[in-house]
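Contents: one structure, followed by commentary.
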Amino acid sequence: MTAPPGRLVVASPDDVIAHSDELVEIYAEAFSQPPWSEEPSRVDMFRRHIPAYSRRKGFAAVFAEGDGQIVGFALGARLTSAAWWWKDVASRLTGSQVETWLADCYELIEIAVLPQVQGKGIGGGLHDRLFEDVTTKTALLSTHPKADRALSLYRSRGWKVLIEDFLYSPVASSRLIMGFELPGS
Ligand SMILES: CC(C)(COP(=O)(O)OP(=O)(O)OC[C@H]1O[C@@H](n2cnc3c(N)ncnc32)[C@H](O)[C@@H]1OP(=O)(O)O)[C@@H](O)C(=O)NCCC(=O)NCCS
């Protein structure tokens, strides 16, 4: 039987490791498109980081399945001061913003959908299912200022821009840091 497009499945850390080749393939296809136009070296970096992501506190993953294959995924974990970009974000916020946004925070690590099935609600579904189980007060993500579809998705869910021109070493162009206050927090 063929699964409906975008059936959502909560995945364990072991599932993520077992399916990492498929996740890397989706990442490569989604992020090779503009505005990201990522180089193969960034794809390799994602591949290398998967085991470390899967060991992080509060790690969670959701896969979207269609026609017997994974067509999209979302990964998240708690954001703590151990994360390499925590310090960079904190240095751009006021003391009270650090308390509000970083004290009890989740990170949307990555969300990606195969280009041929984007724009059909799969990304929104992945986002919403991932956050169903998140219990922190806030969440943070980094995105491209011209990633229109991602920005529509985030804005419609209540994410707002915290830092406009965030620069960090693996990428040459600036990124947006967006924050989300979880309902009921
Ligand atoms: C961002 C991404 C995960 C969203 O997944 P998706 O399946 O395409 O998302 P959806 O179909 O749920 O649409 C998301 C929103 O974009 C809107 N949208 C659809 N097509 C659009 C377009 N061409 N331009 C702008 N917005 C668009 C939708 O209306 C939807 O908003 P809504 O939730 O308010 O209705 C996916 O497009 C992707 O992988 N992009 C490349 C990688 C990326 O940018 N990842 C995010 C990194 S931070």
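Determine which single condition Pro145 fails, assuming it passes every other condition in (1) within 12 Å of the ligand (Cβ to nearest atom); (2) assigned to a helix (DSSP H, G or I); (3) surrounded by fewer than 19 Cβ atoms within 10 Å (Cβ to Cβ).
All conditions are met except number (2).
Got a sec? Which helices (runs of 4 or more DSSP H) wholly within region 1-60 have at least 3 residues that are over 28 Å from Pro145 (Cβ atoms), modelled with pLDDT of 95 or more and of a type outside the set (Ser, Thr, Tyr)?
Ranges flagged: 13-18.
Given (1) farther than 21 Å from Ile177 by Cα; (2) free of Cβ contacts under 8 Å to residues at least 24 places away in the same chain; (3) away from the ligand (no atom under 16 Å from the Cβ), where does Gln116 come up short, assuming only one miss?
For Gln116, the failing item is (3).
Go through region 15-53 and give me each residue that's within 13 Å of the chain's Cα centre (by Cα) and of a type in the set (Gly, Ala, Ser).
Ala30 - this is the single residue of region 15-53 that is within 13 Å of the chain's Cα centre (by Cα) and of a type in the set (Gly, Ala, Ser).
For region 29-55, what are the residues that are over 18 Å from Thr143 (Cβ atoms) and in contact with a Phe, Trp or Tyr (Cβ under 9 Å, 6 or more places away or on another chain)?
Result: Arg47, single match.
If we only count helices (runs of 4 or more DSSP H) wholly inside region 65-138, which ones have 1 or more residues that are modelled with pLDDT of 95 or more, over 15 Å from the mean Cα position of the chain (by Cα) and not hydrophobic (A, V, I, L, M, F, W, C)?
Result: 95-102.
Would you say Leu93 is away from the ligand (no atom under 16 Å from the Cβ) and of a type in the set (A, V, I, L, M)?
So Leu93 passes the test.
The values are calculated or read from the model by the stated rules, or taken from the named source; none is laboratory data. Nothing here was measured: the structure is a model prediction, and the numbers come from that model. Here Cβ is always computed from backbone atoms with ideal geometry, including for glycine, and neighbour counts include all displayed protein chains.
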